[in-house]
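Only one structure is covered here, and it is reproduced in the block below.
The values are calculated or read from the model by the stated rules, or taken from the named source; none is laboratory data. Values in this document were obtained by computation on a predicted structure and should not be read as measured data. Cβ placement follows ideal geometry from the backbone for every residue including glycine, while neighbour counts extend to all protein chains displayed.
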Amino acid sequence: MYLKRLEIQGFKSFADKVEIEFNPGITVVVGPNGSGKSNVVDAIRWVLGEQSAKTLRGMRMDDIIFSGSDGRKAVGLAQVSLTIDNSTGIFPLDFSEVTVTRRLYRSGDSEYLINKVPCRMKDIHELFMDTGVGKEGFSVIGQGKIDEILSLKAEDRRNLIEEAAGIVKYRYRKREAQRKLDDTEQSLVRVYDIISELKDQLGPLEEQANKARQYQVWKEEADQWEISVALYNIEENKGKLQESKEKTLYLEDQLTKDTTKFHSLQSRLEDLRLKAQHLDQEISQLQQNYYNTNRELEKHEHQIEMAKERKSSFISQLARLEDSTKNLTSEEEILREQLHKFSAEVKEVERQHQELTAKIEFLEENFNNHKQTIEEKNDLIEDQKSVLVDFLREIAKTNNEINSLENDLNNFKKSFSQLSQKLLEIQRLITQEEEKLASTTQYSEKLILKKSSLEKEISKLEKSLEDNKEKEQEFKALYEKKSEAYQQLKSHLNVLKEMEASGEGYQKGVKAILEAKKKDSDFAKGIIGTVADIIKVPGELETAIETVMGGSLQYLISENDQVAQRAIEYLKTTKKGRATFLPLNTISYQENNQNLQGDGVLGRASDLVQYDLKYKKIIEFLLGRIWVIKELGQAVALGKKYKFNIRMVTLDGELITPGGALTGGSYSRNTKGLLARKRLISQLIEKVQLAKEELVKLKEDLETIEINQVDIFQNISKLKDQLYNLSLEISQTQGQKEQIQREINRLNTEKEIVSFDQEQLEEQEQFSQKQITMLVNKAYELKEKHSQTELLIQQLETNKKDLALEQEDLLEKLNKEKISIATLEQVKINAKTRYQEIEERLNKLLQEKYNINEEMRVLEDEVLQLESLIIDNQEKVKEFNNSLNNLESLLQDTKAKRTNCTEEIVEVEKEIKEKSALIEEMSLKKHQEELNLAKVKGELDNNTNRLQESFNLTYEEALPRRREIASIKNVKKRINELRSLIEELGLVNFAAINEFSRVSQRLEFLEKQTEDLNEAKSTLSKVIIEMDQIMVKKFNETFEQVNVNFSEVFTQLFEGGKAFLKLTDKEDLLETGIEIIAQPPGKKSQTLSLLSGGERAMTAIALLLAILKVKPSPFCVLDEIEASLDDANVIKFAQYLKRFSQDTQFIMISHRKGTMEIGDFLYGVTMELNGVSKLISVKLSEAI
């Protein structure tokens, strides 16, 4: 598998489509800085799935789309396609080549394709998984990777080994398992909270359930006797009521007839008004149609005018183009004449050129003969000159020896003087170096003091860092404490919400209806909710309201009685219990005009609670006749005052019913009532929000502390860098001191040597004086022989000059003819050039003439089309004129109908006014009779309301529960006995029976859930341990392999030395850091940070190559990773990479000569236009 092709279009600086062909071996991409060569690497990285805009050297992802330049517009999308050879079948696709494409539009939309088939990014990641290729692997290595190795801490450097070991996916799976484990633990905490809550409820619920069962027995008997007494009283009142109803019947019949007629007239009036409205709408529509048709007419008339104007313009253009054609034809004739003229001129120049060529050949032959004769004379002269030169050489040699000896004498004197000066200079330098040594010693002492000050400042900052860490720990502990409290509040809130959602505390029938409502069952549409849902009770009144309302809090409210009937039928059919319904359209109440005054009176219960006004009837029906009193004593006093005809309840829940019965005592507080639960949920929501805000504030404070910590740490790092630099400077100063001392010692040695040299010069001066005398005599004899040879040479020179004059005359003639022929050649060239220019102009003129003819043909077609358009629009104008006439006629007819309708409305309104006066008169009479009826009905309503308020029964519903009354006195006595027994039971929770059973079942279910969660927790813990074991094993194996490879690669790159990787904590392989220890040739072992810049870069490259050997990639893209190396190291790196390329295909971005030399293929990136990159390629094997 290898990379075959890369196609780039619209990506960064590659505005135009660029295709790069790759082959096995090394491909090098070169170019100047800023030309866009690194954009090739970014394109490969992007198509492999890179999602970070920062990694692609941008701020946002759409920065990769070519954004335009001075000469080019921006493009709308970036597209990169990468084609990979699949002949080995490494990809699970039935193709010999696999092309991966990625597109990004400026709108933000993106597309991914595999072999032109749309796919997801996940599919691309899975395609490259375990192939060594991908954005997470080592298939793309940039200079940033080198910087990463150099700048990383030892703990962070382990990520390189983890990537090579392939344990990143295991870390991800471990994090997922840890997250699931945390979720499981949170679920356990929540379930334990619910179990604890349910266990707290279970005991009190069992006690309440037993009490409720006893209460039901006694209450059933008492209710039956009280119902029987109420029915007895109602039947007495009914007789009186019948007589009063008959008196009002006649008046109602009359009023009904008049009202029916009145409504009939009103209906007639509404029909007429509706008809008038329709006619108005019809008129409006006709007017709109008239307007639209008229607008279309104007539009087509405008189009006709525009077409005529365009036709006229085109005809003018045709005339202009015909003139241009005529002008071009005239110019064509002129150019053809000029071509004929220049052709004849070229032929004449060629004839003259041939004549001059023959003449030049004759002159050159004579010139060469004279030249040969002169050369023979020159040879003879040169022989004599050679003899003369020998004499001169001997004379010069002798004179040179004399001069040399005289110079030696002078030099000896000068050297002696210089040595004397040098002795003085050396003494001066010794004094200067001693002064410099004293100054350097003083500066070194100052640096040592400054180093001590920096060490104290660093110690102070480190202490501040420790204090900050302690503060951070305190805040973290407080954050964890607050977070735990927040979770507890949230858990408690969730429990209460879950109880509310599951209907805990509600009767079986009520719960069944509420569940059906949640499921949007058809029969439950129209169910609003329970009474507890619609009222809001202050906290201090909760006990009183819950006591007095009891089971009525669970009454269901429906929009109408039909909804209630469907729900009751559902409960009957499914046998899911009973429920009481309060339809909004049937509920009524007796206005309570009683004004209770006295100590402790808080008000009517219906006035003390909050509710929506649309539920006023229901609240008045349930609470309108109940008064809330502060204390029991005050309530009893009020009862006596009003003869116990009032229903009262105290804040502690004591109840005083009409007739004087008192209910009170203590009751369990473990179980919250429905109202209390709703209040708690509301309060907990506020507390949870406050706790959350407090956590956010704590987190911000914690982040501030962490930022301060980072600032302090950075300051410490800066000071440590300064300290390190200072230590280096002190070390350098110490070295300078030692160097100065060595210089002083050297100068003293040199002083001794100079003194010895002076003695040697004196001896050499005496020997040179003797040699000069001998050489003067030899020079005189050589000068005599030299004079004789000079006379012979003068005679030969005279003969040569005569021949040279004749040769010069011939040369002058030859040059003159050559100039003439050169002039002719230039004339010939100019004539040919002008001929070509005229020929090119003629061709352009013919093309221009052709273009004008084409343009004329197009314009003629346009004129024909415009004439057709004008005819079509004229036909449409006629049609629209006819439509306007029809609409105008129809509009006049409709307006006439509207006038007739208005007159009829006025007549009907007059009749309605007369009938309304008659109805008002009949209503007044009926009202007077109804007052008499209300008086009789009031007594019956009091008895009926007592039945409704106390037992929630109508007269008909109460009849089946009626008992025979033998003695009304004995019945009342038995009722009082039963009330006493019930009052002794205290507050009774009727839902406790079903609730106890439900809570028991739920508790059993949650305990089973707890077992499952604990089992899941154990399984996840085992998975995490297994993941750790796998990661430790893979990390250790990969580390050992990388370490061995690193040592080998380092030795080969540095041509010696050694290097190895060292774990900072061998006991903890999951978190241990990795130190790089290197020993370049001739140096001692040291960490990466102490190496020189070039050595550090070379060591980092060695590590990357070692990792690449462990986790080989089919191809590898290197982006200027050798940029910081010197030329020698670049060559070493290149040679090693050449050997490596036998197994891996390399694509290199570089501008180093050594790297280019090893490339098999070379691509150059240039930027001809500002901001647009271009590509050129060379196959080096063929080029060389």
Checklist entry - Does PHE1140 satisfy the condition of being surrounded by fewer than 20 Cβ atoms within 10 Å (Cβ to Cβ), touching a Leu at 6+ places or on another chain (Cβ under 9 Å), in the same structural domain as ARG5 (by TED's automatic domain parsing) and not polar (S, T, N, Q)? => result yes
Item to check | segment 183-240, residues that are touching a helix residue (DSSP H, G or I) at 6+ places or on another chain (Cβ under 9 Å), among the aliphatic types (A, V, I, L, M) and under 28 Å from LYS973 (Cα atoms) | outcome: ALA212, ALA222, ILE227, VAL229, ALA230, LEU231, ILE234
Checklist outcome for this item: Filtering segment 1161-1170 down to residues that are surrounded by fewer than 17 Cβ atoms within 10 Å (Cβ to Cβ) and either among the hydroxyl-bearing types (Ser, Thr, Tyr) or outside any strand (DSSP E or B) (or both) yields THR1166, ASN1170
Item to check | Candidate set from segment 441-478 (those that are at pLDDT 80 or above and among the hydrophobic types (A, V, I, L, M, F, W, C)); member that is nearest to ILE707 (Cα to Cα) | outcome: LEU461
Next on the checklist: For a quick check of your reading: which strands (runs of 3 or more DSSP E) sit entirely within segment 28-145 and have at least 1 residues that are loosely packed, with under 14 Cβ neighbours inside 10 Å and either of a type in the set (Val, Ile, Thr) or at pLDDT 80 or above (or both)?
Outcome noted: 110-114, 117-119
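Matching residues to (1) surrounded by 15 or more Cβ atoms within 10 Å (Cβ to Cβ); (2) modelled with pLDDT of 75 or more; (3) among the hydrophobic types (A, V, I, L, M, F, W, C); (4) farther than 30 Å from LEU846 by Cα:
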position: ALA276; (1), (2), (3), (4): yes, yes, yes, yes
position: GLN288; (1), (2), (3), (4): no, yes, no, yes
position: GLU322; (1), (2), (3), (4): no, yes, no, no
position: GLU350; (1), (2), (3), (4): no, no, no, yes
Checklist entry - Is it true that some residue in segment 632-648 is surrounded by fewer than 19 Cβ atoms within 10 Å (Cβ to Cβ), of a type in the set (D, E, K, R) and within 56 Å of the chain's Cα centre (by Cα)? => result no
Next on the checklist: For a quick check of your reading of the model, give me the residue pairs whose first member lies in segment 191-214 and is under 16 Å from TYR506 (Cα atoms), whose second is at pLDDT 75 or above and among the basic types (Lys, Arg), with beta-carbon atoms closer than 7 Å and at least 6 apart or on different chains.
Outcome noted: LEU198/ARG1002
Checklist outcome for this item: Scanning segment 505-534 for residues that are farther than 24 Å from ALA212 by Cβ and of a type in the set (Val, Ile, Thr) gives ILE527, ILE528, ILE534
Checklist entry - over 30 Å from ILE167 (Cα atoms), of a type in the set (A, V, I, L, M, F, W, C) and buried (at least 18 other Cβ atoms within 10 Å of the Cβ) - does that describe any residue in segment 1092-1111? => result no
Checklist outcome for this item: Counting only residues in segment 291-311 that are touching a helix residue (DSSP H, G or I) at 6+ places or on another chain (Cβ under 8 Å) and of a type in the set (Asp, Glu), the one modelled with the highest pLDDT is identified as GLU296
Checklist entry - For LEU1069, which of the numbered conditions (1) of a type outside the set (Lys, Arg); (2) at pLDDT below 85; (3) over 30 Å from ASP1126 (Cβ atoms); (4) part of a helix (DSSP H, G or I) fails to hold? => result (4)
Checklist entry - Looking at LYS572, is it free of Cβ contacts under 8 Å to residues at least 12 places away in the same chain and not hydroxyl-bearing (Ser, Thr, Tyr)? => result yes
